Amino acid sequence: MIALEAIHKRFADVEVLRGVSVSVPERSVTALIGPSGSGKSTLLRCVNLLELPNSGRVTIGTTSLGFGPGARHPKAEVLALRRLTGMVFQNFQLFPHLTVEENVMEGLVTVLRWPRDEARAHARALLDKVGMASKATAWPANLSGGQQQRAAIARALAPSPQVLLCDEPTSALDPELAGEVVEVLAQLAREGTTMLMATHDLRLASSIASNVVFLDRGEVVEAGPSQSLFGSPQRERTRQFVASLAG
């Protein structure tokens, strides 16, 4: 479903990603883990081209774009690839002047030109899916952090993306509220939603992800099935990091 090949990304003189390659099979969940500054969030943002790689190739399904010296892609090609993804941000990013259901509807109405009645019905179904149907007409300011993040997940799912990208989806939440979000993401995983997530949350990564990629200093240190990587990591650096998360 997703193939990232030899992705390099530099900000000024800092090389954040150094030839990272990651594959995400369809209907699976892959977690990107690593210390702060390891490049996992930048890599995630390279998937939907919120950050453009300096070099490498990004493939989602049958859509593929290459980057490097002289490579230029029309805005329409970038938007076409981006629309294959849904993004869940760390800090929810809900529009404060819209109700919960209006937040979920917004992209369908303004970008995809759905009729409002159809968009509203679809939004209500998604809010029911994430346990937020009773809050459809609430304002984001009146929701808990966990409720806001569940609404944000519904919004990301609204256009039926091929892959759901999650950037630290529980890091802004206390453990109880984080549990609400973990359960929603676990249900999506059970339903076969393809997901790629960057996270520090060991509970999230170990309970939901089928595969884990450990990044450090912009490179892949170790990758493999989650049970193997968390249970018996092969690299000493991975063992140190997993132990720090568990502690």
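Below are the figures for this structure:
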{"item": "Segment 108-247 pair-distance distribution - Cα-Cα, 10 Å bins, rounded %", "result": "11, 37, 31, 15, 6, 0"}
{"item": "Normalised convex hull volume, segment 54-162, alpha-carbon set, Å³ per residue", "result": "120 Å³"}
{"item": "Under-5 Å amide H pairs with residue 195, H placed in peptide plane, nonlocal only", "result": "28, 29, 30, 164"}
{"item": "Å³ per residue enclosed by the Cα convex hull of segment 33-77", "result": "81 Å³"}
{"item": "Listed residues 42, 193, 110, most fluctuating in the chain (Gaussian network, C-alpha, under 10 Å)", "result": "110"}
{"item": "Rg to Rh, two decimals, where the chain supplies the alpha carbon set and Rh follows Kirkwood", "result": "0.97"}
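Values in this text are rule-based calculations from the coordinates and carry no lab data. Because the structure is predicted, anything quoted here is derived from the model rather than measured.
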